Every structure is written in C-alpha cells, then in structure tokens.
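In what follows, a single structure is set out as structure tokens and then discussed.
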Amino acid sequence: MQSDEGKGVLYLCATPIGNLEDITLRALKVLREVDLVAAEDTRHTRKLFSHYGIHTALTSYHEHNRQSKGKYIVEQLARGQNVALVSDAGTPGVSDPGEELVKEALERGIRVTPIPGSSALLAALTVSGLPLARFVFEGFLPAKNKERRRRMTELAREFRTIVLYESPHRLPKTLGELADTLGDRRVCVARELTKLYEDVQRGTLKQMQEKFDSQSLRGELVLVIEGCPAGGEQEPVMDGSLALSPEAYVRLLQEEGVPPSKAIKIVARLRNIPRRELYNKINKTT
C-alpha cells in the first residue's frame with residue numbers, strides 16, 4: 001500500500017449516502033488498513049466506524065480547515081503514511097474540498113487511488129426517467145444573486161440533462177427561479193436516497209415548486225432537470241437574456257441596477273407585451 005519513493009497513498013473512499021449497507025468490501029478493507037482517515041465530519045464518520053467495528057485514527061478535513069489540515073495530511077503522506085479521505089456521504093472530491101487535497105497530493109508526487117461506491121448524483125440521475133446519454137453536473141448554484149442568475153441563464157441553453165445539488169430551505173425558491181429562466185421543464189427531485197423514507201418526485205419545475213412550497217424538508221437534495229428541447233424556444237442565442245422569461249429578465253435588469261419601473265418598461269417593449277400585464281405577473285410572484 002505504498003507508492004514510489006516510500007510515500008503513502010491517498011485513497012478517495014466512497015461511503016454510503018444513506019443506507020449503511022451501501023459500502024463496498026474494498027472500502028471497508030481500506031478504512032481498516034490505512035494509518036489515518038480524513039473525514040468531513042468525524043462525528044458522522046464515527047457512526048459508520050461503530051457500525052462496522054473500525055478503529056482507525058480519525059482527523060477532520062473540511063471547508064473551514066482545508067488549508068492547514070490539507071498541509072498536515074500531505075505531510076503524513078510524504079512520510080509514508082496511507083490516508084483515506086471520506087466525505088459525509090458519497091464520493092469525496094465532488095462539491096467538497098477534497099478536490100484541493102487531491103491536487104496538492106499529486107503535485108507532491110503522491111499516488112491517489114479511487115475506491116468507488118455510492119454517488120448521490122448518479123443515483124438520482126438513473127431513477128429520474130430523463131435522458132442519460134449526456135448530462136452535465138453543476139453542483140450547487142451560486143448563492144449571490146448576480147452570479148446565480150448568470151449561471152441559470154447559461155443553463156437555459158444547455159441541451160444535456162442537468163444535475164444540481166440543493167439545500168431543503170432553498171428548494172422552492174430555486175425551482176421557481178429555474179422555471180422562470182429555463183421554462184417549465186421536466187424535473188426529478190430526489191431526497192433521502194437509499195434511506196428508509198426515500199422520496200423521488202417527478203413532474204415539471206412549477207409543479208414541484210407548488211408541491212414543496214409548504215413542506216419542511218431535511219438533508220440535501222438532487223435535482224435532475226430536462227435539457228433544452230431541440231428546436232425549443234430556449235435554443236442557443238447570441239443574447240442570453242432572450243432565453244429568460246419576461247419576469248426573470250426584469251429581475252436580471254434590476255440586479256444590474258436598473259430601477260424596477262424602468263426594467264418593466266424595457267422588457268415589455270422588447271417582448272411586445274403590455275406593461276401592466278408584466279407588472280401584475282411580477283407582483284404576483286413576489
């Protein structure tokens with residue numbers, strides 16, 4: 001279990017996304033035999049260790065200590081120690097700081113080996129009922145409005161199936177914003193995957209927004225969204241704003257500093273719709 005020049009090996013070890021039985025025999029073997037396990041949340045990983053009788057030393061590695069702890073982990077690897085990296089659930093390095101640790105290890109000539117297993121994005125994708133031949137994974141959308149709107153505008157012209165992660169408290173808002181920007185496309189909302197109360201809902205973006213608007217949810221969710229239909233109104237265009245709904249276009253102008261009344265006037269003229277009609281639609285959705 002050592003790489004060249006006496007250096008250790010960094011194992012990227014996939015762990016269950018819900019059901020503790022969804023772990024491979026190889027992953028259990030690696031977790032028992034390495035010198036150290038770097039975990040996103042050691043409290044969460046200890047539950048897995050307790051279930052399988054694993055007693056390997058644990059250290060934390062997460063978003064808030066990734067620089068200092070990343071340096072420590074790489075030093076251990078350079079000294080010949082073998083380290084397994086795990087996230088709270090699924091495959092490490094996907095939408096978490098494990099990506100940076102891998103980069104640092106490779107720059108130091110340390111061998112990095114994947115231990116494949118559970119993946120929330122693939123699990124949701126396969127049960128979505130949407131096309132699987134080509135898809136794009138976007139992780140979490142930006143939190144800042146301007147960057148978020150720009151990313152959604154880009155996705156409006158994406159022909160491949162789109163996979164996103166989202167937190168429960170932002171779900172209804174995100175579904176509404178996606179409907180405004182992408183059009184009311186088909187979507188699969190997957191939550192609690194592989195757990196006792198696994199729930200997979202399919203419908204349109206607006207249907208799912210209405211469904212989850214008053215529900216109290218827990219845990220992260222996966223959204224699988226239909227790509228832009230060939231020949232549809234969301235075809236690629238030179239001006240990304242043309243892929244937006246009138247309401248979303250008004251919000252985009254406001255984020256750029258245009259006063260609300262002026263933004264409505266501009267969009268109503270460009271889209272050839274009555275200003276009062278657009279004003280009423282915006283007030284209804286706010």
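Since every read-out is calculated from the coordinates, none of them should be taken as a lab result. Remember, predicted model here, so these are calculated numbers, not experimental data. Glycine gets a Cβ as well: all are built from the backbone with ideal geometry, and neighbour counts include every protein chain shown.
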Pairwise Cα inverse-distance average, inverted: Kirkwood Rh of segment 58-156 (Å):
16.0 Å
For Val127 and Asp35, compute 0.36 nm times the residue count separating them, minus their Cα-Cα distance, and round to one decimal in nm.
29.4 nm
Going highest first, how would you order 101-107, 171-177 by mean Cβ packing within 10 Å?
171-177, 101-107
Among the aspartates and glutamates, which have Cα under 18 Å from the Cα of Lys262 when same-chain residues fewer than 8 positions away are ignored?
Glu247, Glu277
Taking a ≥ b ≥ c as the square roots of the eigenvalues of the Cα gyration tensor of segment 245-286, is the shape rounded (a/c under 1.5), prolate (a/b larger than b/c) or oblate?
oblate
What aspartates and glutamates sit close enough to Lys29 to cross-link, taking a C-alpha to C-alpha distance under 18 Å and skipping anything fewer than 8 places away on the same chain?
Glu21
Burial-style ranking of 51-60, 178-187, average other-beta-carbon count within 10 Å with highest first, yields 178-187, 51-60
In terms of the alpha carbon gyration tensor, root eigenvalues a ≥ b ≥ c, rounded if a/c is under 1.5 and otherwise prolate when a/b exceeds b/c or oblate, segment 4-118 is prolate
Could you name the aspartates and glutamates whose alpha carbon sits less than 17 Å from that of Lys7, not counting residues in the same chain fewer than 8 places away?
Glu33, Asp35, Glu75, Glu104, Glu107
Please check which bits of segment 20-49 a label hung off Arg79 would reach, taking the label as a point 7 Å along Cα-to-C-beta and the cut-off as backbone N under 17 Å.
34-38
Rounded to the nearest 0.05, what FRET efficiency do Gln67 and Glu5 give with R0 = 30 Å and r taken as the Cβ-Cβ distance? Could you check?
0.75
Roughly how many nanometres apart are two label points built 7 Å out from the Cα toward the Cβ at Arg218 and Asn272?
5.3 nm
Quick one: the Cα spread of the chain along its three principal axes, in angstroms, biggest first?
71, 39, 32
